[in-house]
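Please treat every number below as a calculation from the coordinates, not as lab data. Everything numeric in this text was worked out from a predicted model, so none of it was measured. Every residue, glycine among them, receives a Cβ derived from its backbone with ideal geometry; neighbour counts consider all protein chains shown.
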Amino acid sequence: MLSRPAFGRANGVDACGWKRTMGLGALALVLFLVTSGPFVAPHDPSMIDLVNRLQSPSFDHPLGTDHMGRCVFSRLIHGFRVTPLAAFIVVALAAATGTAIGLVSGYAGGLTDSLIMRVVEGFFVFPAIAVALVLAAVLGLGMGATVVALAAVHWAEYARVVRNLTLAEKAKPYELAARAAGISPLRILFRHLLPSMVHPIAVLATFSLSWAILSFSGLSFLGLGAEPGTPEWGLMIAEGRAFMRDHPRLILVPGLTIVAVVILFNVLGDSLRDRLQ
Amino acid sequence: MLRRLGQSLALLILLSMFSFALVHAMPGDFAELLLIERMGGDLPARDVLARFKAEEGFNDPIVHQYLRWLGSILRGEPGVSFQSGDSVWAEIGLRVENTLLLAAASIAVSLALAVPIGVFAAARRGSVWDRLSMLLAVLGMAIPNFWYSLIMVMVFSLFLGWLPVSGYGHWTHIVLPALVIGTSMAGITARFIRSCVLDVLSRDFVRTAHSKGLGEIRVLLGHALPNALVPIVTLLGLQIGKMFDGVVVVETIFAWPGIGRLLVESIFSRDFPVLQLCVLVIGAVYIAVNLTVDLLVMAIDPRIRGAL
Amino acid sequence: MTKKILHAALMAAALAALPVGSPPAHAIEKPEKDTLVVATMWECLPFSMEARRSRFFNESEILDTLVKLDYGMNLVPGLATAWKRQSPTEWTFTLRQGVTFHDGQPLDAEAVKFSLERVTALLPYAGSLLDLAEISVTAPDTLNIRTKQPFAALPNQLTDAITGIYARSAFDAEGKFVKPVGTGPFRYASYTKQDRTVVERFDGYWGKAPSLKRVVYRYVPDHSARVLSLETGEVDLAVDIPPADVKRLSAAGSGFQVYREPSAGLYYMVLNTAAGRPFADVRARRAVNAMIDRKAIVEHALDGVGKPAWQFFAPGFDWVPSELPAYALDPAAATSDLTAAGFRKEGGAWMKDGKPLAVEILSYSSRTEMPLITEAVSGLLKAAGLQTSTKMFTWPGMLSLVQKGQYDAYVVFWTPEMTAHPDLHLLPHFHSASGLDYNGYRNAQLDDLLIRGRGLDAGPERQATYAKALTLVHEDAPIVPLVHKIYAAATNTAVKGFRIHPSGFFYDFKSVRKD
């Protein structure tokens, strides 16, 4: 993974405090919208109303309506249950698979390790989105296919990190002692190895979330991922494109939401990393 | 060095297997699609299809089919596009050239911004340059390319009317796509250059140069930057991989006829021979780029020759 | 390649200087004076002999057909000045005198025979379009065409772009197509893949010489981008422009001229009647037809650019039977049809055996109004209690799924009246044994009527036959007609004399000039 810039570190002061407060506040808002968005949204996000299309913002439709007369605000809110949730599943799948493979690779060592690592390197060589694009097409265009495809190109990041951590842990004295004492490998795995990795994986997962959100909405923009009609942010931008001349809000609103959510997860990742260091 | 070449070759073979398998994993009977196309859109009868499959070797063991396919690629006759009826190579050659052109222009934009910003950010920590590099990096990472492209179109084509909206054929057409990809990469590159230069600045020989009374600019450009070159070239190699993800989207939006757009088109057109070859060609280009970067690093820094 | 890289490097240097330098005021390529630059929706493929692409040759006016259609969709002489039906299966065509091909060779009956035989050999579709049995030359300017079955629509079919007449030099020694050489007012000049095709005025044209010297067809696949490139001055004419832009550019003082022409094109939804699919039941098909408010789609989703379609053919073409049956928006009828078919409405959703009435709709985005219409249809059906999902492809991508029957419904665009004869589209889409009948719809009585209709000359009998056939189609409801297309294009104010042809297949730049 490329070196990530640390947010706010440039001015040399410890900005951790406000970052964490703001980050947690924003996270609470995102979680609230994911869980109870439908209660907040004033309208059904997929109910078309052709007569009232492309309306300017009003009390009834705070962000106006789109080209099918659907409430943009409601679609935006419902969107919190599409992209972030899909991204979460991508990350969970990738983290679980990658961790398992990384553990096996690091623990087994030898030929298994070097074989697995060659495959992992292969995944780093190729452009992730392009590979995901092709995989999603093979799996048959759609939300599920795209989620699986993104996870399939992302697990290698976890495998590499976990494998390196495993190697480091294996060399520690208590590990050697435990093995010498004849404790079963599985027990060592679950009692010692995994718990020691929770933090680095959590940091990586936070950054992964922003990657997955960008990728999923990007694929939806292209026409994979979310199906037409779904209140997905990338898709909303794709649909709003034809009307951006007269109604720039149709692409500005979902775009800024993506940017905000991605920055939020990056800030969270940074503060998590700072705390653990 | 030989080992490095061997690795690339192995990767290439794996890649060819992957792209072959891909089409056979696609939903739908490949042989039937091929026959429908040859018959001008008519659905083939069952016995015709069975005969076609036998004649064209679709019932052979999969290994035979793979080797035959590989042979046809190596001989340079991978078949005809379902879509345009042109040879697949003709379709792809032009596209690869255009994508490389866009990539080169994007990297140039990115470096033109990142080198000065990164070097000055290192020289003056906490200054405007430093903050600018930070801001660019944050935005470059958080702004989706597809959205950024549309915003650029709105600003430069619609409101200012300076640049064409999309297309190909005139030099102005590459400006907006290269700006989008280049600026979105610039921040992270600048941050990386900054930390490399900082690292070099703390080393002894730079301090010596300072104490000899050399001016700051000369120290930075004459000593610090060249010594930071190895990690920077390595980073560029890695970035090309990341960049292609942006290229796919940006080419599609600006109707730039590169291989990224061809990939997307072939997916939505279910044009399997083209899709298959796209995957193979994109993969091969990547393997080549990675190899080149490694060799370049070796050439710049003979110390690591042994390490490869 | 080296030159290109150098170019890129120079450009990058220019780019780096951009923020400080002055704005590149002339960065946009502007058309020359007697050159018309057209932004097109499809790529022109002058070297492709593929069926779908061949219509470019009509649009570009490189080729002429034997028979042509005027702006009222009436048959008028093309390369043939007269035609006569000698017997039910035999036609005679008299050719125009003094016509030369772009390569200087004269046009005669032998040349026409060669061209038609070549094209039908290369494109099976063209063969079945003409129902060709034999072509014979009876005099240097007389051609005899025999069809396999009685075929009254032959002159109409000969207006199809696919039957344009090529010179011998358009093919190589083995008979393979190499380049377009015809008799039209413009001759092929150059082609850049993915970018443009250029044609130039042919001074030896048999008709009135065009005033334009050159026409450039630029491929701009994105619908909005075509209009934007007109607005930035890159092109003079943008065709197939989106409804929202029609409305915007029509406003007074926009500086652009908008053209609208009601046409022979139809957007419609095909229902898969195969067993096991929700639309296997004719009552479900009728219900869907009664559920969709076409007027709302046209007036709102399309900003009025279109006409609501309640039947396969647009009324108003004088050869269309007058007493056509039509659907009507009738939610009550839809409810009773679905109830009769065994569905029940539970909590706003139609259910049968505990399962919702789920419909997967396929469509493609490469046509201007297609995404808007598909989305609207899907939304209206959802509002009526169906569980719809939509998948968008390109045209060939969708077709490959449709051919295999993997769909419940798909939205499509055809031009049923393209050659001003009902046979052209009724037969291939609704006859049981025809190539484009992918939805499993079969009706033996309809098959008989369609075969009989194509043998009949214009008159009351043909009228009655097609009226009966269209009534059967209406009752069986294998399709949902949605919108009769209105072709829309826009030019800058310098372009004069442009007119959209109602068939949607000809540009006719002969009379266009630029001031």
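Take B:253-259, C:395-401, C:267-273 and order them by the average number of nearby Cβ atoms within 10 Å per residue, most first; the result is B:253-259, C:267-273, C:395-401. Put the Cα centre of region A:123-188 next to the Cα centre of region C:349-421 and the gap is 40 Å. To make sure I understand the rule: partners must be aspartates and glutamates, Cα under 15 Å from the Cα of C:LYS247, and not fewer than 8 residues away in the same chain. Which ones qualify? Excluding near neighbours in sequence, the set is A:ASP246, C:GLU231, C:GLU261, C:GLU299, C:ASP303, C:GLU369. Highest mobility in the GNM of chain A, judged by mean-square fluctuation with C-alpha springs under 10 Å and restricted to A:LEU24, A:LEU33, A:LEU111, is found for A:LEU111. Using the Cβ-Cβ distance between C:SER136 and C:ALA280 with R0 set to 35 Å, the FRET efficiency works out to roughly 0.15. Packing here is the average count of other Cβ atoms within 10 Å per residue, and on that basis the peptides C:309-316, C:322-329, highest first, run C:309-316, C:322-329.
The string of couplings for region C:439-454 from the Karplus curve (6.51, -1.76, 1.60, θ = phi - 60°) is 9, x, 7, 9, 8, 4, 5, 5, 3, 4, 4, 5, 5, 5, x, 6 Hz, one whole number per residue in order, with x for Gly and Pro. Computed from point charges on the beta carbon alone (+1 for Lys and Arg, -1 for Asp and Glu), the dipole magnitude for region A:95-197 about its Cα centre is near 300 Debye. Charges were assigned to the Cβ only: +1 to each Lys and Arg, -1 to each Asp and Glu. The resulting dipole of the protein assembly as shown about its Cα centre is roughly 3240 debye. Stretching the chain fully between C:ARG146 and C:LYS247 yields a gain of 31.4 nm (0.36 nm per residue, less the alpha carbon separation).
Taking a sphere under 12 Å around the Cβ of C:THR335 and counting the other residues whose Cβ falls inside, with K and R at +1 and D and E at -1, yields a net charge of +2. Working from Cα pairs under 8 Å separated by at least six residues, relative contact order for region A:95-197 is 36 percent.
Which one of A:ALA152, A:ALA41, A:ALA181 has the biggest mean-square fluctuation once chain A is modelled by GNM with Cα springs under 10 Å? It is A:ALA181.
Rounded to whole numbers, the Karplus 3J(HN,Hα) couplings from phi for region A:242-250 are 5, 10, 5, 4, 8, 10, x, 4, 4 Hz, using 6.51 cos²θ - 1.76 cosθ + 1.60 with θ = phi - 60°, and x at Gly and Pro.
On the basis of the beta-carbon distance and an R0 of 60 Å, B:LEU158 and C:SER87 show a calculated FRET efficiency of 0.45.
Projecting the Cα atoms of A:HIS154, A:ALA100, A:LEU141 onto the charge dipole of region A:95-197 (Cβ charges, centred on the Cα centre) puts A:ALA100 farthest toward the positive pole. Modelled label positions at C:ILE451 and B:SER127, each set 7 Å beyond Cα in the direction of Cβ, lie 8.9 nm from each other. Projecting the Cα atoms of C:THR35, C:GLN149, C:GLY164 onto the charge dipole of the protein assembly as shown, computed from C-beta unit charges around the Cα centre, puts C:THR35 farthest toward the positive end.
Computed from the C-beta positions of B:MET17 and A:ALA168 and an R0 of 30 Å, the FRET efficiency is 0.30 to the nearest 0.05.
Take the alpha carbon gyration tensor of chain C, find the square roots of its eigenvalues, order them as a ≥ b ≥ c, and report rounded if a/c is under 1.5; if not, report prolate when a/b exceeds b/c, else oblate. Oblate. Need the list of aspartates and glutamates near C:LYS404 for cross-linking: C-alpha distance under 16 angstrom, and skip anything on the same chain fewer than eight residues off. The reachable aspartates and glutamates, counting only those whose Cα sits under 16 Å from C:LYS404, are B:ASP29, B:GLU32, B:GLU37, B:ASP42, B:ASP271, C:GLU360, C:ASP437.
Per residue of A:238-247, other chain Cβ atoms within 10 Å of the residue Cβ number 5 on average. Counting Cβ atoms of other protein chains within 10 Å of each Cβ in A:118-128 and taking the mean gives 5. Put in order of Cβ neighbour count within 10 Å, fewest first, the listed residues A:HIS199, A:HIS247, C:HIS223 become A:HIS199, A:HIS247, C:HIS223.
Based on C-alpha pairs under 8 angstrom that are at least 6 apart in sequence, chain A has a relative contact order of 21 percent. With no solvent and one equal point scatterer per Cα, compute the Debye intensity ratio I(q)/I(0) for the protein assembly as shown at 0.04, 0.06, 0.10 Å⁻¹ and report its log10, rounded to two decimals. Summing over Cα pairs of the protein assembly as shown leads to -0.24, -0.53, -1.40. When A:GLU175, C:GLU110, C:GLU375 are arranged by Cβ crowding within 10 Å, least crowded first, meaning fewest neighbours, the order is C:GLU110, A:GLU175, C:GLU375.
Once backbone amide H atoms are built at 1.01 Å from N, C:ALA167 has C:VAL181, C:GLY182 as its partners under 5 Å, excluding neighbours fewer than 5 places away on the same chain. Spin-label model, C:SER211 to C:SER434: label points 7 Å out along the Cα-to-beta-carbon direction sit 4.2 nm apart.
Among the residues of A:223-233, the average count of other protein chain beta-carbon atoms within 10 Å of the residue beta-carbon is 4. Ranked for footprinting exposure by Cβ neighbours inside 10 Å, fewest first, B:VAL23, A:VAL72 give B:VAL23, A:VAL72. Between C:SER190 and A:SER184, the simple spin-label model (points 7 angstrom out along Cα→Cβ) gives 7.7 nm. Summary of the geometry: region C:102-161 and region C:228-243, compared by the centres of their Cα atoms, lie 37 Å apart.
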